[in-house]
Structure formats: C-alpha cells, structure tokens
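The values are calculated or read from the model by the stated rules, or taken from the named source; none is laboratory data. Small disclaimer: the values here were computed from a predicted structure and weren't measured. Cβ coordinates were reconstructed from backbone atoms using ideal geometry, including for glycine residues, and neighbour counts include every protein chain displayed.
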Amino acid sequence: MPSRRDRDREWEREVNRRIAQAKSGFLASCRRADVKDYQNWLRGPGRTTPKRKCNYDLRARNTHTDRCWGYPEWLVAERDIEVTPLFGAMAVSIIVPPGVKLTGDLGHSQAYLPDGRVLGDYQGKADRFRNT
C-alpha cells in the first residue's frame, strides 16, 4: 500500500498536470473577465437577479487566483473551447458569449451561458458581487 507521502506526491502531480493542460488548452482561448463582462451577462435577455449574494468583488477574486494558480478565476471564452475539469480552488467561472460552444467536463467550474443558464457546481445559481 502506498504511503501518505506517495499519495500526496501523486495528487500534486495530477493537480499540476490538470493546470498545465488547462493553461495550454481552454484557458488560452479565454481572456480575463472584468466587471463590465459580468454586468453585461447579468443584463442579458430574460435575466432576473441572481439568487446568491457574495460579499467579495470580481477584481479581488481574479487577483487572488492569478497569484495562486497563474490564471484568473473569471474568464470570457473568445472561441469554442473544450474544458479541462478543474476542482476546488482551481475551478474557474467562464462567461460564454453567443456563438461560442463549450464542451468537456466542467468539474467544479461554472459556465455562464448566453441564455442565462449557469452550468456547473452551484446548480444553476449565479454569483452576485457587491461591485456589480
């Protein structure tokens, strides 16, 4: 049976593999989202106020994940993407503009679709930031 240290090393290798795969794959097809991107998504056709309220702001979330993982938490897809599953603190939120196709396993990430649906870990509930 592998030791705890061996399991931890294996887990760390898997995390690093996923991050590298995401950076060279779908993250390269996205740009950093700003408050305007999220506000535009919120104001799309047929939208209501999101159910969840968060007491942090979008800029702070992007800065934090940039420092930890080397990519922002909030993204806008600029072309069709196949998502690599990311989990826990490595997960991202992707605003998907009209005409862009998203495939793959979201893991714990979320996709904010043009029709107002939110796919992913929060079962259809969108964040509502204090600065939006």
Segment 72-84 residues that are part of a strand (DSSP E or B), paired with ones that are crowded, with 22+ Cβ neighbours inside 10 Å and among the hydroxyl-bearing types (Ser, Thr, Tyr) (beta carbon under 9 Å, 6 or more apart): TRP74/TYR38; TRP74/SER93; LEU75/SER93; VAL83/SER109
Cβ pairs under 9 Å, 6+ apart, first in segment 87-102 and more than 12 Å from ILE19 (Cα to Cα), second among the polar types (S, T, N, Q) and part of a strand (DSSP E or B): SER93/GLN110; ILE94/GLN110
Mind counting the residues in segment 12-35 that are at pLDDT below 85 and surrounded by fewer than 13 Cβ atoms within 10 Å (Cβ to Cβ)? 0
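One line per residue, one yes/no per condition, for (1) over 16 Å from ALA77 (Cα atoms); (2) part of a helix (DSSP H, G or I):
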site: ARG7; (1), (2): yes, yes
site: GLU14; (1), (2): yes, yes
site: ARG18; (1), (2): yes, yes
site: LYS23; (1), (2): no, yes
site: ALA28; (1), (2): no, yes
site: TYR38; (1), (2): no, yes
site: GLY44; (1), (2): yes, no
Of the candidates ARG9, ARG47, the one satisfying the condition of being at pLDDT 85 or above and surrounded by 10 or more Cβ atoms within 10 Å (Cβ to Cβ) is ARG9
Here are some residues: TYR56, TYR112, TYR38, TYR122. Which one is modelled with pLDDT under 80, among the hydroxyl-bearing types (Ser, Thr, Tyr) and touching a strand residue (DSSP E or B) at 6+ places or on another chain (Cβ under 8 Å)? TYR122
